[in-house]
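The next block holds one structure in the form of structure tokens; read it before the comments.
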Amino acid sequence: MTGKATHYFLGGNTGQGFYSHFNYIISQKKATRIICLKGGPGTGKSSLMKKIGKVYLDKGFDVEFHHCSSDSDSLDGILIKKLNVALLDGTAPHMIDPINPGAVDDIVNMGVCLKEENFKSLKQDVLKVNGEIGNTFRRAYRFFGAAKSIYEDWYTFNNNALDIYKVNLLKEELKTTILPDALSEPGEARHLFATAFTPKGIVTYIPTIIKDFSKVYVLKGGPGTGKTSILQYIADESVKRGFNVEILHTPLCPQNIEHLIIPELNTAILTSNEINKMSFEGEGIIYDLEDYLDKDSIGYNLSSIMDVRAIFYILLQKGLDCIKCAKSLHDDLEGFYAPNMDFTKADEIYEEVLNKIEGYEKDLTV
């Protein structure tokens, strides 16, 4: 039987620059092994992870695939769940180094697959393209930052019109409905992204995460309608009662919560919002938080809200266009590396890594 594949982002292009949750792929205490892959673009890190992920899916293991927000077709990491083995891309911008080398962490250097002598004539080209990539990402982050500022204006119009009493009643209703009595030990929170700003636009993997969930609640509403406040409250209450939670953050304001997953309860609390634009119709119980807004206040400010909304999406699209441009430049950079790869060495490294993981698999069955 094939295992279940779920998809996430470990990091995101956000209104605060690149934002990393790489340390949350698995804790040092829980991990059997965290294998950190080093090496330049086009050295086969993502391909190696995809191949190993498929091997273990075919063996019936559940596997998490953590995609790259700057190229959602590539991987930043995988987690083979039953084995508690993770593989991570440890190169910029998510520089990952061993915390407990030997005991938990390993480094695999894919850079040894490069034919170094061939790069003497390419040095200036590589430096030039790398510089352009950095400048393009910085430009994208300025646009996302500007969109975030405008978003806060939109948020304020709604939040000033919000009936906080109704929001608090909903918090208590959801807590009572979802959470059983307290358990003996507090749970843990894991922080990731389900949605990212990518070269393909706004990509979300939440459907793969909630695929088999029996209890789904949807908070529908724009900025400032209380979604993050509700999700944070239920997350805190869940951890207090001993449940582990997955807190999935929004790419625009990475401190804010987009979705909350409580795996042990087979429960998801999702948001249908101005970023993901998902309806979730037929997925579960929907709470429309727009109904909690004072209609007179919104009506009075409607013209300003519409102006702010339009500017927000213009700035957001400008940022996405820059991310797309950066991907094109990164493809040019990989073009320098791919022809200068020793693929025989890459295949040898793949076999070595796979053999190591199979050793952990045998330990599991002993």
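The figures follow:
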| read-out | value |
| --- | --- |
| Stokes-Einstein D for the range 196-345, Kirkwood Rh over Cα pairs, 37 °C, 0.692 mPa s (µm²/s) | 181 |
| Peptides ranked, highest mean first, by Cβ atoms within 10 Å: ranges 33-41, 133-141 | 33-41, 133-141 |
| Contact order relative to length of the range 1-108, as percent, for alpha carbon pairs under 8 angstrom and 6 or more apart | 37 |
| Beta bridges per DSSP with both ends in the range 13-125, % antiparallel, nearest 5 | 50 |
| Cα centroid separation - the range 335-354 against the range 1-71, whole Å | 19 |
| Accessible carbon and sulfur surface of the range 162-205 relative to its total accessible area, %, 1.4 Å | 53 |
| Residue (of 192, 182, 154) at the positive-pole extreme of the range 104-199, dipole from beta-carbon charges | 154 |
| Degrees between helix 343-365 axis and first principal axis of the chain (Cα, 0 to 90, nearest 10) | 60 |
| Carbon and sulfur %, accessible surface of the range 1-100 computed with the full protein complex present, 1.4 Å | 52 |
| In the range 269-322, GluC sites (Glu not before Pro) in a DSSP loop with at most 13 other beta-carbon atoms within 10 Å | 281 |
| The range 262-366: equivalent-ellipsoid semi-axes (sqrt of 5 x gyration tensor eigenvalues, Cα, Å) | 48, 29, 8 |
| Rg/Rh ratio calculated on Cα atoms of the range 135-259 (Kirkwood radius) | 1.00 |
| Convex hull projection area averaged over all views, the range 1-143, Cα basis, nm² | 9.6 |
| The range 225-308 - percent of accessible surface contributed by carbon and sulfur, probe 1.4 Å | 49 |
| Distance from the range 86-161 to the range 205-274 (C-alpha centre basis), Å | 26 |
| Calculated Rg and Dmax of the chain using C-alpha coordinates, Å | 22.2, 70 |
| Extension reserve of the residue 106-residue 365 stretch, reckoned as 0.36 nm per residue once the Cα distance is removed | 91.0 nm |
| Degrees between helix 45-58 axis and first principal axis of the chain (Cα, 0 to 90, nearest 10) | 80 |
| The range 310-366: C-alpha gyration tensor shape, a/c 1.5 cut-off, then a/b vs b/c | oblate |
| Counted charge near residue 136, where neighbours are those whose Cβ lies closer than 15 Å (Asp, Glu -1; Lys, Arg +1) | +2 |
| Gained length - residue 290 relative to residue 211, 0.36 nm times residue gap less alpha-carbon distance | 25.8 nm |
| Helix 227-240 vs. the chain, principal-axis angle (Cα, 0 to 90°, nearest 10) | 70 |
| Listed residues 303, 99, 325: farthest to the positive end of the dipole of the chain (Cβ charges) | 325 |
| Surface per residue (accessible, 1.4 Å probe) for the range 105-223, Å² | 53 |
| Charge tally in the Cβ shell below 12 Å around residue 233, where Lys, Arg are +1 and Asp, Glu are -1, residue 233 excluded | 0 |
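The values are calculated or read from the model by the stated rules, or taken from the named source; none is laboratory data. Note that the coordinates shown come from a computational prediction; the quantities given were computed from them, not determined experimentally. All Cβ positions, even for glycine, are placed from backbone atoms using ideal geometry, and neighbour counts span all protein chains on display. We work out accessible area using only protein heavy atoms, side chains counted, and drop any ligands, DNA or RNA first. Shrake-Rupley method; radii C 1.70, N 1.55, O 1.52, S 1.80 Å.
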